[in-house]
Amino acid sequence: NQDPALLEWMGSGLFKTSVFPVPAGESRTVVLHYSQICRTLHGVSDYLLPLTTARYTERPIEKFSLTVHLTSSADLKNIYSPNHQVSVERDGARRAKVTYQRQQWIPDSDFRLLFDAGDGPVSGKLLSYRAEKDDQGYFAFFATPDLPQTAVAPVSKTVLLVVDRSGSMSGQKMEQARESLRFVLNHLHDGDLFNVIAYDSVVESFRAELQRYGDSTREEAIGFVNGLHAGGSTNINGALQAALSQLHDKQQPTYIVFLTDGIPTVGPTSVAEIAKNAQAANQVRARMFCFGVGYDVNSRLLDRLSRDNFGNTSFVRPNEQIEGAVSKLYEQIESPVLTNAKLYVASPERAVEQGASIDRMYPGSPFDLFAGQQLMVVGRSRITGDATLVIEGQVNGTAKRYEFPVHFSDAFTDSTNSFVARLWAIRRVGDLLDMLDIEGKNEELIHEIVTLATQHGIVTPYTSFLAEENDHAPNVALQRERFLGAFAKHLSADSGPESFEGRADKLSIRQLNTLDASDQLGRLSGRDSGVASGEASSMSGVVNAPTTTAVQGPMHVAGRTLYFRSQCWVDAALTDEEQRTAQQLVRFSDEFFRLLERHGEQASKLLSIDGDIVVQLGDTVYKIVNR
């Protein structure tokens, strides 16, 4: 009997609330409680929170915060959001908190959270998508081992810390490097093997050979680290050779943390020679994680070392903390539970001429699986129906095998998992950029990069989606020209700010694991592509009346990529001829609704887009226009 608030059901799951009054300068809070049964498919539960209606707001949401508390009667395993870069905190085996926060944001997609629960040391789940029956399919496979505290015993590992102490590391850099080394030394496990190697003009080791970790060796190693001081030149080749010469055990997982802030000036100095020497000396498949500190680092060399030696490169900008980057990496690799692992399909049997059942996987085999860390492998598939995926690897030198019954989609049924195809395309583009950077200019690689970026609407620092007003389709020739210009600008040099930022951007593309890319890729595109301000498009897909010839989008709906051309949304898969001869249909006419009835959910998602749209449904291309 106080101020009334009216809640009305509008149909189709839509509610309207009217709150009165809201005095000037005050606020009112509307709380909605509801129950929802989450859809479960092949053991994966799918929670959906509609957000895209917010795209019609006049201004961005000032502050958006989402918290999801998961509680399960069985152990929670894989937790993943395909559209948003969420933070996951686990409280024991059966509870987790998922958070997502943004400011000044216009949502471009609904929030989805995929999760599964069950028993067993490793949980594996597959999501697959196939646009057409005769096309190749795409898949994302998730694997999560038990949390560290549930492991019977940690797997023994070898960790080599190789740190630059040349003159350029003096001051704050050296103190941060010492702090990074102390962090790792304090988090090794009893029984691990380790050593510390420092280099300038000469190379100095904590011990002449690997040491067994314990209280006494830890204290002695920290004393060695505390005594490190910067001075001299940079002997990168000598440091790597000294480190790799200590490794002889092929069974035990081995990790090299290599840190430098400069370019080699002593001994061999060419990228090719140093990389070749390191690869030849790495006889135990040690994984090398390189940290490039500051703009003067030879980023091409670090990329080559990490790629040849099964690791990754991290780029630490001048205003960033070294110890934060190193500690974050080590927390991820601290507890390996399965090493030298590979993923393959055990069934069904295929003839040799049919090719592999799954291929172009990222990350590729072999890989390591770490406690508490979720592995996501994306790839292409050539099989359909039920199958068995196998992960094989080693635990403390003992072979282990895990089998997972899975189902590969046989044809387009709905667009729920269409994000899988774009995720694969993004990872593929990142890998191609890496190959192009290391191997040099290659027309086939350039063509594939531009084609994938255009088809899937991938915005990178090397691709942008611009068109003249009379363009009817993505201009691949223009894309290629812009790509070559941006790529040459960022990756032609070995070192310097452009080279540093370009390779850092390339790394972000290779490691992207969600489609929440408007900040990660779209921002990079605007910053580095050389496109004039206001021209670089984001991936938001927000539909506003365009005032320039810049593309509004690209937008991704029902597994389709659409571009805004000449005041109309156009399916990227259509040719110029198909667009010109499209059958015109008036929105909300009788034929419009009959079209919805014939093509179901896919058509309803596409035709709900505001404004004119050219799209193929069935065998016919339609242009839907407003009256």
Item to complete: Return yes when residue 360 is outside any helix (DSSP H, G or I), under 21 Å from residue 431 (Cβ atoms) and more than 23 Å from the chain's Cα centre (by Cα) and no when it is not.
Response: no
Checked segment 585-627 for anything touching a residue at least 60 places away in the same chain (Cβ under 8 Å) and in contact with a Ser or Thr (Cβ under 9 Å, 6 or more places away or on another chain); matches are 601, 602, 605
The correct count of residues that are open to solvent by 20 Å² or more (accessible area, probe 1.4 Å) and in a helix (DSSP H, G or I) in segment 580-627 is 14
Note on segment 423-441: residues over 15 Å from residue 307 (Cα atoms) and among the aliphatic types (A, V, I, L, M) are 423, 425, 426, 429
Hey, any hits in segment 413-423 for a residue that's assigned to a loop (DSSP other than H, G, I, E, B), surrounded by fewer than 19 Cβ atoms within 10 Å (Cβ to Cβ) and at positive phi? no
The condition of being within 17 Å of residue 170 (Cα to Cα) and part of a loop (DSSP other than H, G, I, E, B) holds, among 228, 247, only for 228
(1) open to solvent by less than 40 Å² (accessible area, probe 1.4 Å); (2) assigned to a helix (DSSP H, G or I); (3) at pLDDT 95 or above all hold for residue 223 apart from (1)
Counting only strands (runs of 3 or more DSSP E) entirely within segment 99-217, those with at least 2 residues that are open to solvent by 30 Å² or more (accessible area, probe 1.4 Å) are 111-117, 203-205
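Yes/no matrix, rows are residues, columns are (1) free of Cβ contacts under 8 Å to residues at least 12 places away in the same chain; (2) outside any loop (DSSP other than H, G, I, E, B):
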site	(1), (2)
311	no, no
320	yes, no
340	no, yes
346	no, yes
369	no, yes
378	no, yes
388	no, yes
For segment 19-71 the number of residues that are surrounded by fewer than 10 Cβ atoms within 10 Å (Cβ to Cβ) and either outside any strand (DSSP E or B) or at pLDDT below 85 (or both) is 18
Of the candidates 230, 239, the one satisfying the condition of being under 23 Å from residue 297 (Cβ atoms) and within 33 Å of the chain's Cα centre (by Cα) is 239
(Q) Looking at the structure I just gave you, is residue 373 modelled with pLDDT under 85 and crowded, with 17+ Cβ neighbours inside 10 Å? (A) yes
Taking segment 437-467 and keeping only residues that are hydrophobic (A, V, I, L, M, F, W, C) and surrounded by fewer than 21 Cβ atoms within 10 Å (Cβ to Cβ), one is left with 438, 445, 446, 452, 466, 467
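The values are calculated or read from the model by the stated rules, or taken from the named source; none is laboratory data. These figures come from a predicted structure and were not determined experimentally. Because the Cβ atoms are built from the backbone with ideal geometry, glycine has one as well, and the counts that use them run over all protein chains shown. Surface accessibility is based on the protein's heavy atoms, side chains included, excluding ligands, DNA and RNA. Shrake-Rupley method; radii C 1.70, N 1.55, O 1.52, S 1.80 Å.
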